[in-house]
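Colleague: The structure under discussion is supplied below as structure tokens; questions concerning it will follow.
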Amino acid sequence: MTMIPALELKNVSKSFVGVTALRDVSLKVNEGEVLCLLGDNGAGKSTLIKILSGVHQPTTGALLVNGEEHRFTGPHEALQAGIATVHQSGGTVPLMTVGRNFFLGEEPTRGRGIFRHFDRKLAEQVALEELRSLGITNVTNGAALVGGMSGGERQALSIARAMYFGAKVLILDEPTAALGVKEASKVLHLVVQAQMRGVAVVLVTHNVHHALAVGDHFAVLIRGTMADEWSKGERKREQVLDLMAGGEAMGDLEDELREVRARGVAPQEKVGNEHVR
Ligand SMILES: Nc1ncnc2c1ncn2[C@@H]1O[C@H](COP(=O)(O)OP(=O)(O)OP(=O)(O)O)[C@@H](O)[C@H]1O
Ligand SMILES: [Mg+2]
């Protein structure tokens, strides 16, 4: 039996005025799988994510959710279809509390009529419970401001929120980019937990080691085209690092620099060398 992908792009291209950001890109991710999207600056990763999350519409090609074609007119529609995106900043509001951030736009209320109001206690309690269920135990006060939390904790809050509201697909844009080693590994733990709950995860990263730690499938974008794609275990770490460093381009650079050196040394160095001799 072939599985219907939770999310699929078929031959998607995206052009902005004067720039083609994506060219004929196809990819898919199944439930309970982690797809890592790798690529250098300007490769088209964010553009691709914006198409998956309904911010942009493809110029040509199709987006399928559970095998059905969708054309989102905005992020809200993607969210309703179960596609939650966590942007690099974590998408949280620093001057709001943990509880408020968790329920932003979906606030639980108490009372009726003019007595209806935000149920602060419930929001804070649920937020903490959900964080705890993901193993985040150092956030203990639901009334604390998110501005005082670490980058990793903010990412965790956004991921917990997405899962609580029933995300089937979780898209993370560079979630570990601004984090130290410990915080990054916490976020990677959350990725695996989401996966174990059956969520399809799309993880965008520059970090090959982070990708290899959690990925089931890998896709590399180079200048808007899908340059390579493979499943876990099909490539060695060195091959991936080489590809990410530009592989052949790095080889060319080394040759060029060798030539520059061979052509002549800089004047100050000459003096220094003669002196030593
Ligand atoms: N709204 C836009 N209008 C015009 N050009 C755009 C727009 N968004 C992206 N681009 C161009 O599309 C290309 C891909 O950009 P994109 O932001 O997707 O790259 P990226 O892989 O996310 O890079 P980074 O790693 O730096 O975040 C770039 O050349 C960029 O300048
Ligand atoms: Mg980007």
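The values are calculated or read from the model by the stated rules, or taken from the named source; none is laboratory data. Since we're looking at a predicted model, the values are computed, not measured. Backbone-built Cβ (ideal geometry, glycine too); neighbour counts: all protein chains shown.
Colleague: Out of all the residues in the range 134-156, which are under 15 Å from the mean Cα position of the chain (by Cα) and in contact (Cβ under 8 Å) with a residue 40 or more places away in the chain? Break it down into steps so the answer makes sense when it comes.
Modeller: Let us first name the residues in the range 134-156 that are under 15 Å from the mean Cα position of the chain (by Cα), namely 151-152, 154-156.
Gly151, Arg154, Gln155, listed by residue number.
Colleague: Still on this structure: Would it be correct to say that Gly151 is small (Gly, Ala, Ser) and over 30 Å from Asn30 (Cα atoms)?
Modeller: For Gly151, the condition - small (Gly, Ala, Ser) and over 30 Å from Asn30 (Cα atoms) - is not met.
Colleague: When the residues of the range 175-208 are narrowed to those that are surrounded by fewer than 20 Cβ atoms within 10 Å (Cβ to Cβ) and within 16 Å of ligand 2 (Cβ to nearest atom), which ends up nearest to Ser150 (Cα to Cα)?
Modeller: Checked the range 175-208; the qualifying residue nearest to Ser150 (Cα to Cα) is Ala178.
Colleague: If you scan the range 39-64, which residues turn out to be more than 12 Å from ligand 2 (Cβ to nearest atom), under 13 Å from Val202 (Cβ atoms) and of a type in the set (A, V, I, L, M)?
Modeller: Scanning the range 39-64 gives Ile51, Leu52, Leu63.
Colleague: Within the range 162-173, which residues are surrounded by 21 or more Cβ atoms within 10 Å (Cβ to Cβ) and either among the small types (Gly, Ala, Ser) or at pLDDT below 90 (or both)?
Modeller: Taking the range 162-173 and keeping what is surrounded by 21 or more Cβ atoms within 10 Å (Cβ to Cβ), we get 162, 167, 169-173.
Those that are surrounded by 21 or more Cβ atoms within 10 Å (Cβ to Cβ) and either among the small types (Gly, Ala, Ser) or at pLDDT below 90 (or both): Ala162, Ala167.
Colleague: Looking at the range 1-110, what strands (runs of 3 or more DSSP E) fall wholly within it and have at least 2 residues that are away from ligand 1 (no atom under 14 Å from the Cβ) and touching a Pro at 6+ places or on another chain (Cβ under 8 Å)?
Modeller: On the way: elements: 7-16, 19-29, 34-39, 60-65, 68-70, 83-86.
Where strands (runs of 3 or more DSSP E) fall fully within the range 1-110 and carry at least 2 residues being away from ligand 1 (no atom under 14 Å from the Cβ) and touching a Pro at 6+ places or on another chain (Cβ under 8 Å), they are 19-29.
Colleague: Taking Ala81 as the residue in question, decide whether it is in contact with a strand residue (DSSP E or B) (Cβ under 9 Å, 6 or more places away or on another chain), away from ligand 2 (no atom under 16 Å from the Cβ) and modelled with pLDDT under 95.
Modeller: On the way: in contact with a strand residue (DSSP E or B) (Cβ under 9 Å, 6 or more places away or on another chain): yes; away from ligand 2 (no atom under 16 Å from the Cβ): yes; modelled with pLDDT under 95: yes.
So Ala81 fits the description; yes.
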